[in-house]
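Engineer: First, the structure itself, so that you have it in front of you.
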Amino acid sequence: MIDRAGLAEFLRSRRHAMQPQDVGLPRGQRRRTEGLRREEVAALCHMSTDYYARLERERGPRPSEQMVASIAQGLHLSLDERDHLFLLAGHRPPPRGALSEHVSPGLLRILDRLTDTPAEIVTELGETLRQTPLCVALTGDATVHAGPARSIGYRWFTDPSARALHAPEDHDHLSRVYASHLRRLVTLRGPGSRAAQLAELALARSEELRQLWDAHEVGVRVDDVKRFVHPQVGVLELHCQTLVDPQQQHLLLVYTAVPGSESYERLELLSVVGAQPLG
């Protein structure tokens, strides 16, 4: 059963404990609110202010599991806090580890501060959970995909448009990278895992993947410098730095260009034109 009083009290306490700068918002000189405003939290949780306010006032319907997960992420809760929130709302907490899509507060705090850098948080299956605005400008919004297409590895072998972001001469190597990574995950997670299910679906649709699968390659890695082909600014050669969350197996990927290089200038240009509609 939902504990309405406990849920409301917990939400208020977490909201009051957060500061605008914790979530990448400007504080402003005239702010008098303790912590965040309700409308700010509602925006972070992707829900209406009225709905969130009713939860804090012990009113309204019981939030769904999806809604609770969105609140937990918006409030930058730790895993223990997330589980506590689910129990207060009358739901069983989601699993932890590689199956979890709850991004840790630490990774979110870092991502929120990378306002002028392409960066994204992805799962071990290559599912993008969060992107900076400049990353969206570089690669497109990768969070809009559903089902197996959420995985970049799956899209690579089943959707030709997924390759448009990379130069044709890089395609063969990237195919080996994605096939090698997926095979390693299938072995690591075992039969019946999400990795195994994803591999089965992709193998049924891609002759190229079937041939690479038969080669049994593992450990094929992406080059230190990744080349992106953007329709407006051209080719960008970017270094990819990776930060790993060992609890959740999430990866924070940060893309940077060498200062003074042509790619650096193009990345600066992208930060300007990226907010403008294509064409």
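The values are calculated or read from the model by the stated rules, or taken from the named source; none is laboratory data. None of these values were measured; they are calculated from a predicted model. Note: ideal-geometry Cβ built from the backbone for every residue, glycine included; neighbour counts use all protein chains shown.
Engineer: Among the candidates E56, E169, single out the residue that is surrounded by fewer than 20 Cβ atoms within 10 Å (Cβ to Cβ) and either touching a strand residue (DSSP E or B) at 6+ places or on another chain (Cβ under 6 Å) or assigned by TED's automatic domain parsing to the domain that holds R205 (or both). If you could, list the steps in order and put the result at the bottom.
Structural biologist: Values: E56 fails: either touching a strand residue (DSSP E or B) at 6+ places or on another chain (Cβ under 6 Å) or assigned by TED's automatic domain parsing to the domain that holds R205 (or both).
E169 is the lone residue from the list that is surrounded by fewer than 20 Cβ atoms within 10 Å (Cβ to Cβ) and either touching a strand residue (DSSP E or B) at 6+ places or on another chain (Cβ under 6 Å) or assigned by TED's automatic domain parsing to the domain that holds R205 (or both).
Engineer: Now, a different point. If you check every pair at least six apart or on different chains, which have Cβ atoms under 6 Å apart with a residue in segment 159-188 that is under 21 Å from G147 (Cα atoms) first and a residue that is part of a helix (DSSP H, G or I) and among the aliphatic types (A, V, I, L, M) second?
Structural biologist: What qualifies is A179/L209; A179/L212; L182/A199; L185/A195; V186/A195; V186/A196; V186/A199.
Engineer: Sticking with this structure for a sec: Here is a check on your reading of the model: is R62 out of contact with any Phe, Trp or Tyr (no Cβ under 8 Å at 6 or more places or on another chain), assigned by TED's automatic domain parsing to the domain that holds F10, basic (K, R) and in a helix (DSSP H, G or I)?
Structural biologist: So R62 fails the test.
Engineer: Go through (1) under 20 Å from the mean Cα position of the chain (by Cα); (2) within 28 Å of R194 (Cα to Cα); (3) in the same structural domain as F10 (by TED's automatic domain parsing); (4) buried (at least 17 other Cβ atoms within 10 Å of the Cβ) and name the single condition E120 misses.
Structural biologist: (3)
Engineer: Then there's this: Give all pairs with beta carbons closer than 6 Å in which a residue from segment 244-271 that is without any contact (Cβ under 8 Å) to a residue 40 or more places away in the chain and in the same structural domain as E127 (by TED's automatic domain parsing) meets a residue that is of a type in the set (D, E, K, R) and not in a helix (DSSP H, G or I); count only pairs at least 6 apart in sequence or on separate chains.
Structural biologist: S263/E237
Engineer: Taking the stated definitions as given, is G147 in the same structural domain as E200 (by TED's automatic domain parsing) and at positive phi? Write out each step before concluding.
Structural biologist: Numbers: in the same structural domain as E200 (by TED's automatic domain parsing): yes; at positive phi: yes.
Against the criterion (in the same structural domain as E200 (by TED's automatic domain parsing) and at positive phi), G147 qualifies.
Engineer: For segment 78-115, which residues satisfy the criterion of being in a loop (DSSP other than H, G, I, E, B), touching an Asp or Glu at 6+ places or on another chain (Cβ under 9 Å) and touching a residue at least 60 places away in the same chain (Cβ under 8 Å)?
Structural biologist: Let us first name the residues in segment 78-115 that are in a loop (DSSP other than H, G, I, E, B), namely 78, 89-96, 100-104, 114-115.
When the remaining residues are screened for being touching an Asp or Glu at 6+ places or on another chain (Cβ under 9 Å), the result is 89-94, 96, 101, 103-104.
A89, G90, R96, V103, S104 - these are the residues of segment 78-115 that are in a loop (DSSP other than H, G, I, E, B), touching an Asp or Glu at 6+ places or on another chain (Cβ under 9 Å) and touching a residue at least 60 places away in the same chain (Cβ under 8 Å).
Engineer: Then there's this: Run down V229, V222 and say which single residue is closer than 15 Å to L174 by Cβ, touching a residue at least 40 places away in the same chain (Cβ under 8 Å) and either in contact with a His (Cβ under 6 Å, 6 or more places away or on another chain) or loosely packed, with under 15 Cβ neighbours inside 10 Å (or both).
Structural biologist: Working: V229 fails: either in contact with a His (Cβ under 6 Å, 6 or more places away or on another chain) or loosely packed, with under 15 Cβ neighbours inside 10 Å (or both).
Just a single option satisfies the conditions, and that option is V222.
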